[in-house]
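Right, I'll just put the structure down here and ask away after.
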Amino acid sequence: MELQLHSFATGSSAGTVSVSDEVFGLPYKEALIHQVVTAYFAGARAGTKAQKTRSEVSGGGAKPWRQKGTGQARAGSIRSPLWRTGGRAFAARPRNFEQKVNRKMYRGAIRSILSELVRQDRLVVVDNLDIAEAKTKALLATLTKFAAKDMLLIAEEVSEALYLSARNIHWIGLADVDAIDPALLISFQKVIITKGALSHLEEQYK
């Protein structure tokens, strides 16, 4: 498969780059991608929520009032869940939300996402992501050539100048090629990736 190569500086065509159909020419597997992305977000949950049961709240050693003769409802402890300062009837406990995803499933989801990005013309390959100086205005002027207002930039290694230029632009994502994940790839309208990072992805997921 041949993909169009663009010049990052001018946005014009700079030839083509050959990629493997094993990584960029697979069918779209929605169920697999949904399972992997859901597991990714579930694994990011802290799971640290905790509440106290009636055995854990303080006080309640004595019966609040006698059983009969006061005209009030019977009460045995101020730690009852019925009381405002009592324990919770079904208290939350810390838990682990992680879902198991096999390595083969994860790799298959990445390949399916990349293939769909190619089919929808949302994957743009550029020669590099080099900028002369750390200027947000200069980076914006360059990115307008790619006609998108929601994009992810992927490089082999993000330079300091590129990071400083992009950090104040809310609709731009920035990532090293080794740091990408399924959730990140599907979160942007367009993905701009360098030729070197594309080759790295192809070797990693072939």
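Hey, could you check the stretch 12-39 for residues that are over 21 Å from GLN204 (Cβ atoms) and aliphatic (A, V, I, L, M) and say which is surrounded by the most Cβ atoms within 10 Å (Cβ to Cβ)?
Only one residue fits best here, namely ALA14.
Yes or no: LYS49 of a type in the set (Lys, Arg), touching a residue at least 24 places away in the same chain (Cβ under 8 Å) and not in a helix (DSSP H, G or I)?
yes
Would you confirm whether or not the stretch 178-187 contains a residue that is within 22 Å of ILE113 (Cα to Cα), among the β-branched types (Val, Ile, Thr) and surrounded by 13 or more Cβ atoms within 10 Å (Cβ to Cβ)?
Within the stretch 178-187, one or more residues are within 22 Å of ILE113 (Cα to Cα), among the β-branched types (Val, Ile, Thr) and surrounded by 13 or more Cβ atoms within 10 Å (Cβ to Cβ).
Also: Whether any residue in the stretch 168-183 is closer than 16 Å to HIS6 by Cβ and touching a helix residue (DSSP H, G or I) at 6+ places or on another chain (Cβ under 9 Å) is what I want to check.
So far as the stretch 168-183 goes, no, none of its residues is closer than 16 Å to HIS6 by Cβ and touching a helix residue (DSSP H, G or I) at 6+ places or on another chain (Cβ under 9 Å).
Residues in the stretch 40-48: is at least one surrounded by fewer than 10 Cβ atoms within 10 Å (Cβ to Cβ) and touching a Pro at 6+ places or on another chain (Cβ under 6 Å)?
Yes - at least one qualifying residue is present in the stretch 40-48.
Among the residues in the stretch 4-11, are any surrounded by fewer than 12 Cβ atoms within 10 Å (Cβ to Cβ), assigned to a loop (DSSP other than H, G, I, E, B) and in the same structural domain as ILE186 (by TED's automatic domain parsing)?
Yes, the stretch 4-11 has at least one match.
Okay, moving on. Pull up the stretch 49-71, narrow it to residues that are surrounded by 14 or more Cβ atoms within 10 Å (Cβ to Cβ) and of a type outside the set (S, T, N, Q), then point me to the one that is farthest from the chain's Cα centre (by Cα).
PRO64
Just checking, which of LYS149, LYS100 is more than 12 Å from ALA166 (Cα to Cα), touching a helix residue (DSSP H, G or I) at 6+ places or on another chain (Cβ under 8 Å) and surrounded by fewer than 16 Cβ atoms within 10 Å (Cβ to Cβ)?
The unique qualifying residue is LYS100.
Related question: Return only the number of the condition from (1) touching a residue at least 24 places away in the same chain (Cβ under 8 Å); (2) loosely packed, with under 12 Cβ neighbours inside 10 Å that PRO81 does not satisfy.
Result: PRO81 passes all but (2).
Spot the failing condition for GLY86; the list is (1) more than 19 Å from the chain's Cα centre (by Cα); (2) in the same structural domain as ILE33 (by TED's automatic domain parsing), and only one is missed.
Failing condition for GLY86: (2).
ALA39 passes all but one of (1) at pLDDT below 95; (2) closer than 30 Å to PRO182 by Cβ; which number fails?
Answer for ALA39: the failing condition is (1).
In the stretch 114-141, what residues are surrounded by 18 or more Cβ atoms within 10 Å (Cβ to Cβ) and either over 20 Å from SER18 (Cβ atoms) or polar (S, T, N, Q) (or both)?
SER115, LEU129, ILE131, LEU139
The values are calculated or read from the model by the stated rules, or taken from the named source; none is laboratory data. Because the structure is a prediction, the values reported are computed rather than measured. Don't worry about glycine lacking a Cβ; one is built from the backbone with ideal geometry, like all the others, and counts go over all protein chains shown.
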